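Peer 1: First, the structure itself, so that you have it in front of you.
The values are calculated or read from the model by the stated rules, or taken from the named source; none is laboratory data. The structure displayed is predicted, hence computed values, not measured ones. Cβ: placed from backbone, ideal geometry, glycine included. Neighbour counts: every protein chain shown. The area values use the complete protein model at the heavy-atom level, side chains included, leaving out ligands, DNA and RNA. Shrake-Rupley method; radii C 1.70, N 1.55, O 1.52, S 1.80 Å.
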Amino acid sequence: VGPKKEVAECKEKFASSVDPTVSQTFMLDRVFNPEGKSLLPMRGFKYSSWSPLGCDANGRCLLAALTMDNRLTIHANLNRLQWVQLVDLTEIYGERLYEASYKLCKADTPCGELGDFSEFQRRHSMQTPVRMEWSGICTTQQVKHNNECWDVGSVLLAVLFENGNIAVWQFQLPFLGKESITSCNTIESGINSPSVLSWWEYEHNNRKMSGLIVGSAFGPVKILPVNLKAVKGYFTLRQPVVLWQEMDQLPVHSIKCIPLYHPYQKCSCSLVVAARGPYVFWCLLLISKAGLNVHNSHVTGLHSLPIVSMTADKQNGTVYTCSRDGKVRQLIPIFTDIALKFEHQVIKLSEVFGSVRTHGIAVSPCGAYLAVITTEGMTNGLHPVNKNYQVQFVTLKTFEEAAAQLLESSVQNLFRQVDLTDLVRWKILKDKHIPQFLQEALDNKIETCGSTYFWRFKLFLLRILYQSMQKAPSEVMWRPSHEDAKILVSDSPGMGSTEDDQEEGTSKQARKQSLCDTGKGMDIDDAADDSLPQSSEVGGREPMEEKLLEIQAQIEAVEMHLTREHMKRVLGEVYLHTWITENTSIPTRGVCDFLMSDDGYDDRTARVLIGHILKKMNKQTFPEHCSLCKEILPFTDRKQAVCSNGHIWLRCFLTYQSCQSLVYRRCLLHDSIARHPTPEDPEWIKRLLQGPCTFCDSPVF
């Protein structure tokens, strides 16, 4: 808010002021006085917001976090299990305001002196965040110097401040840090005591419209237009639209915007729901020839206490609300000729978890799970002494519904539907078989559709089935072994073992033998539970081993199919982006020979593509060489390369190059490894290296 020395002098002046309206306001406001002297320290987070998928360098989400001391930062998961702060937006915004003399535009009146308490308050309120929300990803085309078009993605982050202003940050994707900030525009909302913020995104006739929905602690809700000249492809409203204007002192707690399709009007529409006290305010926005139609009302009789949390399933428009008393309400929108109505039913968590208090809810991206934060409720009319916060998960879909949604999915990506695949995984692990209807439906999809998504789904099912058939280890894997070999200092390796050592070794062998026998007994019992025919120990193990070998063979066949399909894609990129007899770092000849080495593999597309590539190569082979001994690295295995001197290098699953460095990347499920892009790589190879895992769709770290 000003130079450090001047700010410190002003703080001391306000704290010791004889006017109690100044001194007490200053001392009790934690924004002015974050140290708080005898008050509790400001630790923790006020609010957090996840960006859409695909915003960071790994194609995952960014996290915007607002701390208790009003600092807004953006974090990214750049390496596995490691979060890094990329930028401090509070610091950057403060520097911009300082350079502009704390004026939003040049026409504003000059600001007063910092020693004036009202000016001190104004400078703080104009940069104290209340909420922040991410927009959807906007993709635009830019033209290079050689007239080639390329897609550039950007995302917007709207930050609502205490004084009602909204800062809209535009970031270029992937977001890497301060250098990725494209612009920052400030909008005056005109709302007193703002409490919540949400993006309104509406698609009409293939044109995307956007705006910002702002709610007040006094009750009003309205949509503000977002006029950003730098963002192409987005349209906005001509003027603000008031959704609710009554100052009824019901604070707006949460706002959700759900895109839906109106079955009667035959067009897309937008449903805005807001939690106001114990009620749910809803507003249906519909664009017709007459303009923007607005229908609004309240849903009452849901909760006896104020709503503390609200979430929405954007797949089907279902809204979930909860209050402190442990009751969760499910609201299902049903369209009528004019607007809509809600059917609601209660989900009593007490029947599942006992007496609990709820503090927050969230629905998973595909609507498979509802996450609930709970603490112990009252017992015999008494509150618990200590609060133990737990995150509970409630399934909202059955296994059959999750499987059907995965088969008919338009996303075609297993990683983006991980909550649905988790339901399927749990069912297979429990029953130890893949249901017949799912197998038949998946085989039918594989025959009729050419997408590799269904092959990856089949691989996922086979791997889970293989995992369910394996026996659980008798000991915990992470626990260290206590059977350490002990050697006396006086003993030397060449002296041989003493009689005591022999007895100790014999006893250890006996212990290990008894453990093995116990393990075998457990295996037999488990095999009996699996209803497999058996007459003895050997007879019981053979059917299980045969079944495991059969599943393993199926897994290898599906992996080989996915590998060949990706090899065809890589060869297609090589053919499109190389000249005659040009040496690329990709082992093109090795990949071609590997594809044609199997006599049982007859793919006309692959043969034609390989013929064109070999004609371009003009009898050149361009083999890879070992960086240690300079020997040729033959392409005999898709996973690794071994030279004649025995040096082993792992192969990149995205480009099939050998990773001859100490640093490489792995996919999230540790399926495959990939190399890092180098400055010498052309753009098309860098684009290949940005892809997800070809087996599980997971990003690569």
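Peer 1: Which whole-Hz couplings ³J(HN,Hα) result when phi for each residue of region 83-98 is put into the Karplus expression 6.51 cos²θ - 1.76 cosθ + 1.60, θ = phi - 60°, listed in order with x for Gly and Pro?
Peer 2: Once rounded to whole Hz, the list reads 9, 10, 6, 8, 7, 10, 6, 4, 5, 5, 5, x, 5, 5, 5, 5.
Peer 1: Can you check what the net charge comes to around P692, using other residues whose Cβ is under 12 Å from the Cβ of P692 (Lys, Arg +1; Asp, Glu -1)?
Peer 2: +2
Peer 1: Then there's this: What accessible area per residue comes out for the chain, rounded to a whole number of Å², with a 1.4 Å probe?
Peer 2: 56 Å²
Peer 1: Still on this structure, I have one more. Starting from the amide H of N70, placed 1.01 Å from N in the peptide plane, find each other amide H under 5 Å away whose residue is 5 or more places distant or on another chain.
Peer 2: Answer set, sorted by chain and number: none.
Peer 1: Evaluate the chain: find the radius of gyration of its Cα atoms, find its Kirkwood radius, and give the ratio Rg to Rh.
Peer 2: When Rh is taken as the Kirkwood radius, the ratio is 1.03.
Peer 1: Amide H of N33 versus every other amide H placed in the peptide plane: which residues, excluding those fewer than 5 positions away on the same chain, fall under 5 Å?
Peer 2: When sequence neighbours closer than 5 places are left aside, there are no close amide H contacts.
Peer 1: Right, here's the next one. Each residue of region 10-19 in turn: what ³J(HN,Hα) in whole Hz from Karplus with 6.51, -1.76, 1.60 and θ = phi - 60°, glycine and Pro shown as x?
Peer 2: Once rounded to whole Hz, the list reads 5, 5, 5, 5, 5, 5, 9, 5, 6, 7.
Peer 1: Further question: In region 12-94, which GluC sites (Glu not before Pro) are in a loop and have at most 15 other Cβ atoms within 10 Å, using DSSP for the loop call?
Peer 2: E35
Peer 1: Another question, then. With θ taken as phi - 60° and the coefficients 6.51, -1.76 and 1.60, list the Karplus ³J(HN,Hα) couplings across region 327-339 in order, rounded to whole Hz; mark glycine and proline as x.
Peer 2: Here the 3J(HN,Hα) series is 9, 10, 10, 10, 10, 10, x, 10, 6, 10, 4, 9, 10 Hz.
Peer 1: Further question: Can you give the FRET efficiency for D19 and H298, using 1/(1 + (r/R0)^6), R0 = 60 Å, r = Cβ-Cβ distance, to the nearest 0.05?
Peer 2: So, using R0 = 60 Å, E works out to roughly 0.85.
Peer 1: How high is the FRET efficiency between L104 and R71 when r is their beta carbon distance and R₀ equals 30 Å, given to the nearest 0.05?
Peer 2: 0.90
Peer 1: Taking amide H atoms as placed 1.01 Å from N in the peptide plane, list the residues 5 or more away in sequence, or in a different chain, whose amide H sits under 5 Å from that of I673.
Peer 2: F653
Peer 1: Counting only protein heavy atoms and a 1.4 Å probe, tell me what percentage of the chain's accessible area is made up of carbon and sulfur.
Peer 2: Answer for the chain is 52 percent, counting heavy atoms of protein chains only.
Peer 1: State the Cα centre-to-centre distance between region 264-316 and region 617-668 in whole Å.
Peer 2: After rounding, the separation between the Cα centres reads 57 Å.
Peer 1: In addition: Using a ≥ b ≥ c from the Cα gyration tensor of region 1-188 (square roots of the eigenvalues), is it rounded, prolate or oblate, where a/c under 1.5 gives rounded and otherwise the larger of a/b and b/c decides, a/b for prolate?
Peer 2: In terms of gyration-tensor shape, prolate.
Peer 1: Please list, by residue number, everything in region 596-630 whose backbone N is under 11 Å from a paramagnetic label point 7 Å out along Cα→Cβ of N645.
Peer 2: Of the residues in region 596-630, 626-630 have backbone N under 11 Å from the label point off N645.
Peer 1: Which of the trypsin sites (Lys or Arg not before Pro) found in region 581-641 are in a DSSP loop and have at most 15 neighbouring Cβ atoms, other than their own, within 10 Å?
Peer 2: K619, K630, K639
Peer 1: Net charge near W50: determine it from the other residues with C-beta under 13 Å of the C-beta of W50, scoring Lys and Arg +1 and Asp and Glu -1.
Peer 2: After counting each charged neighbour, the total is -1.
Peer 1: Below 12 angstrom from the Cβ of W199, what's the summed charge of the other residues (Lys, Arg +1; Asp, Glu -1)?
Peer 2: +1
Peer 1: Between S661 and N147, how high is the FRET efficiency from 1/(1 + (r/R0)^6) when r is the Cβ-Cβ distance and R₀ = 35 Å? Nearest 0.05.
Peer 2: 0.45
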